[in-house]
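Below is one structure; the comments refer to it alone.
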Amino acid sequence: MSEKIDEVQVRKVAKLSRLDLTDTEIKEFTGQLEAILEYVDKMNQLDTEGVEPMAHCLPISNCLREDTVTDSLGADAILANAPQRDGDFFKVPRILDDNSGA
Amino acid sequence: MQNICLDMDCTQLRAKVVSGELSSVALVTAVLDAIEVRDTQINAYITVFREQALARAAEIDARIARGASVGQLAGVPVAIKDNLCFTQGPTTCASQILAGFHAPYDATVVQRLLDQDAVILGKLNMDEFAMGSSTENSSMKKTTNPWDMNRVPGGSSGGSAAAVAAGLCSVALGSDTGGSIRQPASFCGVVGLKPTYGRVSRYGLVAYGSSLDQIGPLTRTVRDSALMLNVIAGHDPKDSTCVDAATAPLCDYTADLDAPVEGLRIGVVPELNVGADAQVQTALNTALEAYKAMGAELKALALPHADYAIAAYYVIATAEASSNLARYDGVHYGHRTKDPKDYVEVYSKSRAEGFGAEVKRRIMLGTYALSSGYYDAYYLKALKVRNLIRQDFTRAFQQCDCVMMPVSPTTAFKIGEKTADPLQMYLADIYTISANLAGIPALSVPCGFDSQTLPIGLQILGPAFSEARMLRIARMYERQAQWHKHTPNMS
């Protein structure tokens with residue numbers, strides 16, 4: 001039922017996924033995703049009219065804990081893994097451009 | 001060469017250490033030495049904590065010497081899959097994107113091992129982010145099967161299964177999203193248990209498919225799996241999907257282990273079994289005959305939607321993965337690309353450089369399935385199919401205490417045999433995936449060998465939270481068949 005996935009769509013999905021793929025990867029993934037999606041389409045042989053979608057496998061609701069204050073890890077423990085830090089901050093390249101009028 | 005972890009199971013080793021007959025230092029030294037010699041070929045370990053393990057063993061010996069009480073895993077060498085956070089050493093998930101990452105906290109299961117005085121020897125190899133069925137998707141190393149060095153150990157917990165099978169630790173932890181504990185356990189001839197969804201806390205398990213992931217043990221005996229479940233099961237306020245005792249009471253899983261289940265009714269699914277290789281089917285049938293001889297009743301039944309499990313799984317798991325793996329952004333931890341020209345490149349180049357091919361493929365598939373215009377056709381449809389699969393099991397368990405089937409259609413395949421075609425690799429997960437979709441417990445217990453002396457596993461699936469009975473059922477067969485006494489010939 002679904003139309004075949006093509007390179008244009010694969011490039012769009014790569015962008016949504018924030019993956020900077022090479023042309024070779026795009027080509028390879030197009031063929032592989034097409035084969036996988038074709039297989040996945042077998043789900044359409046099943047009539048699922050009136051079947052509830054099941055996001056979770058057990059009829060359990062969230063298990064809540066007491067709302068009490070406990071120790072957290074602290075900024076240093078978290079920032080120790082940062083690729084770049086500046087004091088108590090994660091450092092990243094500029095997000096707003098020069099003309100943004102900030 | 002003698003190997004102490006192959007001669008005795010964890011339960012026996014612990015008894016020797018606690019009685020003072022064997023020191024933990026001697027035990028841990030022997031296993032570390034075995035790792036040094038054997039793991040050059042098996043490559044089960046990503047990281048080994050030699051000094052820390054010996055120091056901890058000495059500390060446990062000292063406590064035993066002065067008569068202090070010690071835990072259920074006192075002084076025993078254990079190892080953990082490298083997707084479990086441990087403040088000691090790096091946590092890699094076998095991925096380059098986690099280069100340099102040191103977990104700032106211990107996973108709850110790791111804390112529980114430590115609370116029971118286990119000695120953690122190291123972190124075990126896996127498919128990158130637990131995505132794979134052969135451990136060939138690791139960016140660190142290629143783990144081999146101890147029964148045949150030219151073959152894969154299975155995956156994604158391939159390092160865990162290979163280490164236990166080769167005696168390079170006594171017991172190990174793995175994780176199972178679509179078969180990642182049971183399939184490598186089957187390929188390596190050990191016991192592997194995926195508990196019920198919610199039975200074990202996932203706090204500190206690096207997430208892949210959050211509605212499917214579950215942590216469990218890989219061990220040489222059923223008794224050791226019961227012991228490990230005693231240690232890791234139970235409510236954890238840090239995991240909101242981990243059920244409390246009111247929902248599902250805990251028990252001592254080792255208590256009645258040797259008591260056979262009276263009037264056992266086993267469900268078998270002939271339609272499904274014919275998809276397995278002839279030798280796998282023969283081993284399954286021989287095991288079923290053994291149960292029959294022990295008084296069990298076999299009931300043929302149908303799981304009409306099992307054939308759609310792989311399709312539903314590869315939509316749901318990849319959709320969840322695409323969301324979970326969005327956290328690897330090159331900002332907070334792990335790999336960041338050099339000289340990005342803007343902040344978008346921090347994300348897109350860091351991720352392109354850090355993730356391997358299978359992880360990229362699954363992120364792409366999941367993003368597509370969730371994207372505008374395709375959500376209903378793929379993701380929503382898969383959730384409905386998932387419900388049908390769960391209903392199949394609900395109906396089945398009205399007629400039987402457990403269902404038995406193969407773990408994998410084949411025994412361990414050759415390294416490189418399936419890497420060219422990702423879909424072929426997915427299709428081999430046919431028997432294991434349904435348990436994750438339905439959230440039910442399932443285990444693999446050795447049930448013989450093929451003509452090339454490659455291990456075959458018997459899969460036992462049970463209703464939610466029936467682990468105690470399932471372990472007893474597995475033990476009935478293990479005690480009679482004694483396959484666990486066979487160990488790989490590694491010379």
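Count of region B:322-333 residues, restricted to those that are within 7 Å of another protein chain (Cβ to nearest Cβ) and either touching a residue at least 40 places away in the same chain (Cβ under 8 Å) or closer than 28 Å to residue B:421 by Cβ (or both), is 2.
Quick check on my filter: what residues within region B:279-322 are on the phi > 0 side of the Ramachandran plot and basic (Lys, Arg)? The answer is none; no residue qualifies. If you go through region B:90-118 and keep only what is within 14 Å of chain A (Cβ to nearest Cβ), over 17 Å from the mean Cα position of the chain (by Cα) and part of a helix (DSSP H, G or I), you end up with B:96, B:97, B:98.
The residue that is farthest from residue B:422 (Cα to Cα), among those in region A:11-32 that are more than 7 Å from chain B (Cβ to nearest Cβ), β-branched (Val, Ile, Thr) and surrounded by 15 or more Cβ atoms within 10 Å (Cβ to Cβ), is A:26. Residue under question is residue B:392, and the condition is that it be touching a residue at least 60 places away in the same chain (Cβ under 8 Å), touching a Lys or Arg at 6+ places or on another chain (Cβ under 6 Å) and more than 10 Å from chain A (Cβ to nearest Cβ); does it hold? Spelling it out, it is not the case that residue B:392 is touching a residue at least 60 places away in the same chain (Cβ under 8 Å), touching a Lys or Arg at 6+ places or on another chain (Cβ under 6 Å) and more than 10 Å from chain A (Cβ to nearest Cβ).
Each residue in region A:16-40 was checked for being of a type outside the set (A, V, I, L, M) and either more than 21 Å from residue B:377 (Cβ to Cβ) or out of contact with any helix residue (DSSP H, G or I) (no Cβ under 8 Å at 6 or more places or on another chain) (or both), and 11 pass.
Every residue, every condition in (1) surrounded by fewer than 24 Cβ atoms within 10 Å (Cβ to Cβ); (2) assigned to a helix (DSSP H, G or I), yes or no:
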| residue | (1), (2) |
| --- | --- |
| B:330 | no, no |
| B:334 | no, no |
| B:338 | yes, no |
| B:341 | yes, no |
| B:346 | yes, yes |
| B:349 | yes, yes |
| B:353 | yes, yes |
| B:363 | no, yes |
| B:368 | no, yes |
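Residues in region B:335-361 that are farther than 17 Å from residue A:29 by Cβ, within 28 Å of the chain's Cα centre (by Cα) and either free of Cβ contacts under 8 Å to residues at least 60 places away in the same chain or at the interface with another protein chain (Cβ under 7 Å from one of its Cβ atoms) (or both): none. If only residues of region B:119-143 that are of a type in the set (Asp, Glu) and within 11 Å of residue B:158 (Cβ to Cβ) are counted, the one that is nearest to the chain's Cα centre (by Cα) is B:127. When you scan region B:130-145, do you find a residue that is in contact (Cβ under 8 Å) with a residue 60 or more places away in the chain, in contact with a Lys or Arg (Cβ under 8 Å, 6 or more places away or on another chain), more than 24 Å from residue B:4 (Cα to Cα) and part of a strand (DSSP E or B), even just one? No, region B:130-145 contains no residue that is in contact (Cβ under 8 Å) with a residue 60 or more places away in the chain, in contact with a Lys or Arg (Cβ under 8 Å, 6 or more places away or on another chain), more than 24 Å from residue B:4 (Cα to Cα) and part of a strand (DSSP E or B). Any residue that is in contact with a Phe, Trp or Tyr (Cβ under 9 Å, 6 or more places away or on another chain), away from every other protein chain (no Cβ under 11 Å) and at pLDDT 95 or above - is there at least one of those in region B:362-385? Among the residues of region B:362-385, not one is in contact with a Phe, Trp or Tyr (Cβ under 9 Å, 6 or more places away or on another chain), away from every other protein chain (no Cβ under 11 Å) and at pLDDT 95 or above, which makes the answer no. Yes or no: residue B:248 within 14 Å of chain A (Cβ to nearest Cβ) and closer than 21 Å to residue B:407 by Cα? Answer is no for this residue.
Candidates in region A:33-46 are the residues that are closer than 15 Å to residue A:13 by Cα and surrounded by 19 or more Cβ atoms within 10 Å (Cβ to Cβ); of these, the one that is nearest to the other protein chains (Cβ to nearest Cβ) is A:33. Taken over region B:424-446, the criterion of being within 13 Å of another protein chain (Cβ to nearest Cβ) and under 22 Å from residue B:200 (Cβ atoms) is satisfied by B:429, B:433, B:434, B:435, B:436, B:437, B:438, B:439, B:440, B:441, B:442. Find all pairs meeting these conditions: Cβ atoms under 7 angstrom apart; at least six residues apart or on different chains; first residue within region A:67-93 and under 12 Å from residue B:336 (Cα atoms); second residue of a type in the set (Phe, Trp, Tyr) and not in a loop (DSSP other than H, G, I, E, B). Listed by first residue and then by second, the contacts come to A:82/A:90; A:92/B:343; A:93/B:343.
The values are calculated or read from the model by the stated rules, or taken from the named source; none is laboratory data. Quick caveat: nothing in here was measured; it's all calculated off a predicted structure. All Cβ positions, even for glycine, are placed from backbone atoms using ideal geometry, and neighbour counts span all protein chains on display.
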